Amino acid sequence: MRYLDRRSRRYLLVIPGFGFGAEIFDDIPLDHNVLSFPDDVSPSEGMADLEKFLREKRVETISLLGWSKGVYAACGLVRAKPFLCDKIFLIGARPFYPPEDIERFRENLSRNARGTMIDFYKRCLSPEENGVYREFYQKYLRGYIARTAPGTLMAGIDELSRSRLDMTGVPLKRVAFIHGLEDKVAPIGDMERWKPDLGPVYFIAVDGAGHMPFLREDVCEIISRF
């Protein structure tokens, strides 16, 4: 397990999105110790290590944050371990990614993986977040581009093409959906058309935010207070 100790009594397991690592959550102002699986370990593969870690720390319940592609894995984890997570944050969710979008992205990766990913990272932030993007670029983007192989990206896209947002067995009273109004990667309209099927649900639309609203302090405050 990757573990960031913030000397808190609360623990948050984060599952990041496509093309990102859990370190993207290291600097956000959350009052939680942050847990994550290694980049090459899926939640199902890493569950035994997580449970061992929690036993050693004498922790019975944790909060869970699934972002973007990580939303699908987060829902699967909750179904597998229904009593583990007392609060569940699903950020930048999408019911599914249309096949034509997947195929277009796959073709672009085949032609120019580096340029495609740079464009993808830019699209994750709204025009209002340009200052955030400069900081993100300096700290993370160069490393992401350097370390990510086209084969790994293609495998991630293949997994994304099979993913569907399934809330079966997920206790909605523990769930908060958080979505940027300016999200270009997972347009909020897709969720607005889909969520009425769930009935009453806690859904937060963040004005001016793109696909990474958790970088904002006001969103971190919402997570901390939930």
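The values are calculated or read from the model by the stated rules, or taken from the named source; none is laboratory data. Being a predicted model, the structure only gives us computed values, none of them experimental. Ideal geometry is used to build each Cβ from the backbone, glycine not excepted, and the neighbour counts take in all protein chains shown.
Couple of notes before you dig in:
- Just one of the numbered conditions (1) surrounded by 17 or more Cβ atoms within 10 Å (Cβ to Cβ); (2) modelled with pLDDT of 95 or more is not true of Tyr140: (2).
- Residues in the stretch 143-170 that are buried (at least 17 other Cβ atoms within 10 Å of the Cβ) and hydroxyl-bearing (Ser, Thr, Tyr) were compared, and the one that is modelled with the highest pLDDT is Ser163.
- Members of the stretch 86-101 found to be over 18 Å from the mean Cα position of the chain (by Cα) and in contact (Cβ under 8 Å) with a residue 24 or more places away in the chain, listed by number: Pro99
- Some residue of the stretch 43-52 being without any contact (Cβ under 8 Å) to a residue 60 or more places away in the chain and farther than 24 Å from Thr152 by Cβ: yes
- Any chance Leu181 is surrounded by 12 or more Cβ atoms within 10 Å (Cβ to Cβ), out of contact with any Phe, Trp or Tyr (no Cβ under 8 Å at 6 or more places or on another chain), within 22 Å of Phe25 (Cα to Cα) and at pLDDT 90 or above: yes
- Among the residues of the stretch 21-43, those identified as closer than 26 Å to Met117 by Cβ and over 14 Å from the mean Cα position of the chain (by Cα) are Asp27, Pro38, Asp40, Val41.
- Residue match in the stretch 188-203 (condition: within 22 Å of Ile24 (Cβ to Cβ) and part of a loop (DSSP other than H, G, I, E, B)): no
- Within the stretch 143-182, tally of residues that are out of contact with any helix residue (DSSP H, G or I) (no Cβ under 8 Å at 6 or more places or on another chain) and either in a loop (DSSP other than H, G, I, E, B) or among the hydrophobic types (A, V, I, L, M, F, W, C) (or both): 4
- Out of Phe53, Phe105, Phe18, Phe83, one residue alone is more than 18 Å from the chain's Cα centre (by Cα), part of a loop (DSSP other than H, G, I, E, B) and on the phi < 0 side of the Ramachandran plot. It is Phe83.
- The sole residue among Leu13, Leu35 that is at negative phi, part of a strand (DSSP E or B) and in contact with a Cys (Cβ under 9 Å, 6 or more places away or on another chain) is Leu13.
- Cross-chain or 6+ apart pairs with Cβ under 7 Å, the stretch 137-151 first and within 19 Å of Leu109 (Cβ to Cβ), then surrounded by 11 or more Cβ atoms within 10 Å (Cβ to Cβ) and of a type in the set (D, E, K, R): Ile145/Arg114
- For the stretch 103-122, the set of residues classified as in contact (Cβ under 8 Å) with a residue 24 or more places away in the chain and surrounded by 13 or more Cβ atoms within 10 Å (Cβ to Cβ) consists of Phe105, Arg106, Leu109, Ala113, Met117, Ile118, Phe120, Tyr121, listed by residue number.
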